[in-house]
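J.: A single structure is presented below for examination.
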Amino acid sequence: MVKAYSQEHTYKHPWERVTSASWRKFADPENKRTLSHILQVDTLNHKLEPESGKLFTTRAITIQAPGPWFLRKIVGQDICHCVESTVVDAKTRSMQLATKNICLQKYIEVEEKIRYDPHPDNPNEWTICRQETSIRIKPLSTLASMAEKIEQKCVEKFQQNSAKGREVMERMCKYLEAESSSRGISV
């Protein structure tokens, strides 16, 4: 069984500011307390295609293993490594992120897709964020009957972390807005 959910959020900030905040959200010390499940972020590669103007980036993200504590004890692992692939298209003002776990796959598969685009109602001032997440617990012989409950607990934890992520993004956008105002720059 797969648990999937999607959500939308409107940032009352321009696309350029929101995408800048997305890049900086893991580096800010204040955000590290809020995003305490994120243990480390490393850029593996990045490539700019001059002809298309697209930026491609791959990052490794180490997180506190998802799910309830007893599941982490059963699988014997407290951390999980994920890969995030990002495509930024400055011409169309689109940023797409796709993240999935690369470890613990015999127990759980998680895939998250986030897309930032100018909001259709106010494209120069607002940004719409669309997030889709799917979580699949692979039944273990001893836990087959509990797989659905575990998936639901994982969904609840991911939703809590998504709310924390939006809080961090809002804080970063306000910081960037104040920073650009003090310099007379529009970001």
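J.: Testing Gly67 on (1) in contact with a strand residue (DSSP E or B) (Cβ under 6 Å, 6 or more places away or on another chain); (2) buried (at least 18 other Cβ atoms within 10 Å of the Cβ); (3) modelled with pLDDT under 95, one condition comes back false. Which one is that?
T.: Every condition holds for Gly67 apart from (1).
J.: Give the residues of region 25-48 that are touching a residue at least 60 places away in the same chain (Cβ under 8 Å) and farther than 26 Å from Ile135 by Cα, sorted by residue number.
T.: Our first condition is that a residue be touching a residue at least 60 places away in the same chain (Cβ under 8 Å); within region 25-48, this holds for 25, 28, 30-31, 34-35, 37.
Residues satisfying the conditions are Asp28, Glu30.
Yes/no matrix, rows are residues, columns are (1) of a type in the set (Val, Ile, Thr); (2) under 14 Å from the mean Cα position of the chain (by Cα):
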residue	(1), (2)
Val2	yes, no
Trp15	no, no
Val18	yes, yes
Glu30	no, no
Ile38	yes, yes
Thr43	yes, no
Phe56	no, no
Ala60	no, yes
Ile63	yes, yes
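J.: Something else about it: Quick one: in region 15-59, which of the residues that are aliphatic (A, V, I, L, M) and in a helix (DSSP H, G or I) is surrounded by the fewest Cβ atoms within 10 Å (Cβ to Cβ)? Show your work before the answer.
T.: We begin by selecting, within region 15-59, every residue aliphatic (A, V, I, L, M); these are 18, 21, 27, 35, 38-39, 41, 44, 48, 55.
Keeping just the survivors that are in a helix (DSSP H, G or I) gives 18, 21.
Numbers: Val18: 24, Ala21: 26.
Looking at the filtered set, the residue picked out is Val18.
J.: From the list Glu84, Glu112, pick out the single residue that is among the acidic types (Asp, Glu), at pLDDT 90 or above, under 21 Å from Glu8 (Cβ atoms) and open to solvent by less than 20 Å² (accessible area, probe 1.4 Å). Lay out the reasoning, then the answer.
T.: Details: Glu112 fails: open to solvent by less than 20 Å² (accessible area, probe 1.4 Å).
One residue alone meets the criteria, Glu84.
J.: May I pose another question? Identify, from the list Met146, Met95, the residue that is of a type outside the set (D, E, K, R) and at pLDDT 90 or above. Steps first, answer last, please.
T.: Values: Met146 fails: at pLDDT 90 or above.
After applying the criteria, what remains is Met95.
The values are calculated or read from the model by the stated rules, or taken from the named source; none is laboratory data. Worth saying up front: this structure is predicted, and the values here are computed from it rather than measured. Reconstructed Cβ throughout: ideal geometry from the backbone, glycine too, with neighbour counts over all protein chains shown. We work out accessible area using only protein heavy atoms, side chains counted, and drop any ligands, DNA or RNA first. Shrake-Rupley method; radii C 1.70, N 1.55, O 1.52, S 1.80 Å.
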